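A short worksheet on the structure shown next.
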Amino acid sequence: NAAHTIFPDGVGRKHSSIFSRSTDALSKGLRRDIYDLREDGISVDQIQVPNPDPLSPLRYSCIYWVDHLAEGGSANLQFEEYVQDGGAIQKFFEKSYLHWLESLGLLRDIPKGVSSMSKLRRLLKGKESAAGLAEVVYDALRFIQSHSVVITGNPLQVYVSALVLSPNCSVVRNSFRGEEPKWIIRKPIVEDYWSACLQTLEGHSGTVSSVAFSPDGRLVASGSDDNTVKLWAADTGALQQTLEGHSGTVWSVAFSPDDRLVASGS
């Protein structure tokens, strides 16, 4: 009830301020190999967080900067400045996008990066003044979707396999060609543009024999001959739950119309 007293300029203006300070802090604070690991192939499970942790003051901003932009709303006059071509967001992508993905990998929250890019893409939909930025964001979304598994397991691979295996015309790849490893003399032959495959979900230890989308499109259920059913978030690809109990291959999975139940047959 005291919102107007605490935020005399409006809650939207405060969200906008937090977004602006967040992107500024990330641009200044993030860098390649922020934990000084110096091993591109190191597993996230082998990483020891340094003391003091350089990501500690940036953790909140890493995870929520897009949310504050969205909550600020288009009614805020500064919103249009942020989302136009050549604005603060585009500059952030050109300078710090890979550093941000590395940090999300270290924070074990790559799925949040996927959902943030999806949300940002929706915010830009139909804005003529942000056509160029929308192209950058779309490419950034495809980049994180395609390489989410490897970055989740090995955060520094964002500068190695994620870059060299991205399409030749990828905006992200071309913006960060200087980050590609110099020791790779012959780079793999890749396509010029992103393929129709949006994302690969990995986690089953056997052949996947059945797949189903929930009626609301938010979940994917997969049955396998490893005798389990796995539930995935459709937008981020994050594993939500593993259902065990079958003694054989799960040949069919289905959701109830209200999305509250999953049925599986083996």
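Odds and ends about this structure:
- When the criteria are applied in full, residue 261 meets the requirement of being touching a Phe, Trp or Tyr at 6+ places or on another chain (Cβ under 8 Å), modelled with pLDDT under 90 and either open to solvent by 30 Å² or more (accessible area, probe 1.4 Å) or not assigned by the TED database to the domain that holds residue 112 (or both).
- Residue match in the stretch 139-152 (condition: modelled with pLDDT under 95, in contact with a Phe, Trp or Tyr (Cβ under 7 Å, 6 or more places away or on another chain), within 21 Å of residue 67 (Cα to Cα) and not charged (D, E, K, R)): no
For (1) touching a strand residue (DSSP E or B) at 6+ places or on another chain (Cβ under 6 Å); (2) closer than 13 Å to residue 249 by Cα, each residue gets a yes or a no:
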site	(1), (2)
185	no, no
189	no, no
200	no, no
217	no, no
222	yes, yes
231	yes, no
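- Residue match in the stretch 33-47 (condition: surrounded by fewer than 15 Cβ atoms within 10 Å (Cβ to Cβ), in a loop (DSSP other than H, G, I, E, B) and without any contact (Cβ under 8 Å) to a residue 40 or more places away in the chain): yes
- Residue match in the stretch 52-71 (condition: of a type in the set (S, T, N, Q), open to solvent by less than 20 Å² (accessible area, probe 1.4 Å), in contact with a helix residue (DSSP H, G or I) (Cβ under 9 Å, 6 or more places away or on another chain) and under 22 Å from residue 127 (Cβ atoms)): no
- Pairs linking a residue in the stretch 191-210 that is among the polar types (S, T, N, Q) to a residue that is open to solvent by 50 Å² or more (accessible area, probe 1.4 Å) and assigned to a loop (DSSP other than H, G, I, E, B), with Cβ atoms under 7 Å and 6 or more positions apart or on different chains, are 207/225; 209/225; 209/251; 210/251.
- Taking the stretch 100-122 as the range and being in contact with a helix residue (DSSP H, G or I) (Cβ under 8 Å, 6 or more places away or on another chain), on the phi < 0 side of the Ramachandran plot and open to solvent by 10 Å² or more (accessible area, probe 1.4 Å) as the test, the residues that pass are 106, 107, 109, 111, 112, 118, 119, 121.
- When the stretch 5-27 is filtered for residues that are exposed (fewer than 11 other Cβ atoms within 10 Å of the Cβ) and of a type outside the set (S, T, N, Q), the ones remaining, listed by number, are 6, 8.
- Taking (1) open to solvent by 30 Å² or more (accessible area, probe 1.4 Å); (2) at pLDDT 90 or above in turn, residue 161 satisfies each apart from (1).
- Cross-chain or 6+ apart pairs with Cβ under 7 Å, the stretch 1-24 first and over 14 Å from residue 79 (Cβ atoms), then open to solvent by 50 Å² or more (accessible area, probe 1.4 Å) and modelled with pLDDT of 85 or more: 7/14
- Of all residues making up the stretch 81-112, the number that are farther than 22 Å from residue 48 by Cα and aliphatic (A, V, I, L, M): 3
The values are calculated or read from the model by the stated rules, or taken from the named source; none is laboratory data. Owing to the predicted nature of the structure, the values given are computational and were not obtained by experimental measurement. A quick note on method: Cβ atoms are made from the backbone with ideal geometry, for glycine too, and the neighbour counts reach across all protein chains shown. Just the protein is used for accessible areas: all its heavy atoms, side chains included, with ligands, DNA and RNA removed. Shrake-Rupley method; radii C 1.70, N 1.55, O 1.52, S 1.80 Å.
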